[in-house]
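The values are calculated or read from the model by the stated rules, or taken from the named source; none is laboratory data. Everything numeric in this text was worked out from a predicted model, so none of it was measured. Cβ: placed from backbone, ideal geometry, glycine included. Neighbour counts: every protein chain shown. Heads up: the accessible areas ignore ligands, DNA and RNA and are worked out on the full protein's heavy atoms, side chains in. Shrake-Rupley method; radii C 1.70, N 1.55, O 1.52, S 1.80 Å.
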Amino acid sequence: MPVIQVTTGKLPVILLHGIEPAPSGRYEISNGAFDYLCGTLKSYGYQTITLLDLVNHFDKGKPLPPKPVIITADDGYQSMYVNAFPILKKYGYKMTIFLITSMIGDKEANRRLNDFDYGNDNIPRRAMLIWPEIRVMSKYGCEFQSHTWSHRIISNIPVEDARMELAQSKSDIEINTGKPCIF
C-alpha cells in the first residue's frame, strides 16, 4: 500500500479497480473483501478523506482527521456504484474515483463497457458508470478525478493529444459534477 507523508504522520492510500460479488479479473476484489477492509479500517479509527481534502489541508490548513485514509479506484466501473457505494455508505466513508470519461454514458441506454482493456489477460468485460450514478455519488461526498478521456497512455502520445485527453476529461467531470477536477 503506498503511503504519503503528511504533517500528522503517514497517510495510507488504497488503490482499487473493481468490486464484484464474484471477482474473476486480476484487478477485482469481492464485495465481502471490500466490506471487511472498510470495517477493519473503521475499527482502527480510520476516516476517509479525498485528494481535495488533502490539498485543502496543505494549501489552506484544513485539519485532517486523526487517522486519515484515501480509497481510490481507477477507470470508473459500474461496480463502484452498485457494489462499493452501499458499503461506503454503511461505514460513512467516501472515495476518489479516476474516470475515463469517454467511457461514461449519460443514461442506461448508452452505458459503455470496458472496451479499452477488454481482451487483456484476465480482464473480464464489465459495465462502466453513467453520469447519473456519478452525480449521486458526488453529492454524497465521493470525489471524481481524471484518468484521461480515452485511457491512452499519456507518455506514448504527442503532447497536444495528451493535453486534449486531460482537458476533455477535466471538463467532462466538472460539467457533470459541478466540482473541481484538479488531479
Q. Any idea which of Ile182, Ile173 is part of a helix (DSSP H, G or I) and of a type in the set (Val, Ile, Thr)?
A. Ile173
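May I ask you to list the residues in the range 95-110 that are part of a loop (DSSP other than H, G, I, E, B) and open to solvent by 10 Å² or more (accessible area, probe 1.4 Å)? Spell out the reasoning first.
At the first step, the residues of the range 95-110 found to be part of a loop (DSSP other than H, G, I, E, B) are 95, 100, 104, 106-107.
Listed by number, the residues that qualify are Ile104, Asp106, Lys107.
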Q: State which residue is nearest to Gln47 (Cα to Cα) when the search covers only the range 111-139 and only residues that are surrounded by fewer than 17 Cβ atoms within 10 Å (Cβ to Cβ) and at pLDDT 95 or above.
A: Lys139
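Among the residues of the range 12-37, which ones are hydrophobic (A, V, I, L, M, F, W, C), free of Cβ contacts under 8 Å to residues at least 40 places away in the same chain and either over 25 Å from Pro66 (Cα atoms) or open to solvent by less than 30 Å² (accessible area, probe 1.4 Å) (or both)? Quick ask: steps written out before the conclusion?
Step one: filter the range 12-37 for residues hydrophobic (A, V, I, L, M, F, W, C), giving 13-16, 19, 22, 29, 33-34, 37.
Adding the requirement that they be free of Cβ contacts under 8 Å to residues at least 40 places away in the same chain leaves 22, 29, 33, 37.
Within the range 12-37, Ala22, Ile29 meet the criteria.
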(Q) Regarding the range 87-107, can at least one residue be identified that is at pLDDT below 95, closer than 19 Å to Arg26 by Cα and not β-branched (Val, Ile, Thr)? (A) no
Q: Might you check whether a residue that is touching a residue at least 24 places away in the same chain (Cβ under 8 Å), of a type in the set (A, V, I, L, M, F, W, C) and either open to solvent by less than 60 Å² (accessible area, probe 1.4 Å) or part of a helix (DSSP H, G or I) (or both) occurs anywhere in the range 151-158?
A: no
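On the given criteria, is Glu165 open to solvent by less than 20 Å² (accessible area, probe 1.4 Å), over 12 Å from the mean Cα position of the chain (by Cα) and more than 27 Å from Phe34 (Cβ to Cβ)? Quick ask: steps written out before the conclusion?
On the way: open to solvent by less than 20 Å² (accessible area, probe 1.4 Å): yes; over 12 Å from the mean Cα position of the chain (by Cα): yes; more than 27 Å from Phe34 (Cβ to Cβ): yes.
When the stated conditions are applied, Glu165 passes them.
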**Q.** Failed criterion for Gly45 (all others in (1) at pLDDT 95 or above; (2) outside any loop (DSSP other than H, G, I, E, B); (3) surrounded by fewer than 17 Cβ atoms within 10 Å (Cβ to Cβ) hold)
**A.** (2)
**Q.** Residue list for the range 59-78, restricted to those being in contact (Cβ under 8 Å) with a residue 24 or more places away in the chain and open to solvent by 40 Å² or more (accessible area, probe 1.4 Å)
**A.** Pro66, Asp74, Gln78
Q) Met164 versus (1) farther than 30 Å from Gln47 by Cβ; (2) among the hydrophobic types (A, V, I, L, M, F, W, C); (3) not in a helix (DSSP H, G or I): which is the lone unmet condition? A) (3)
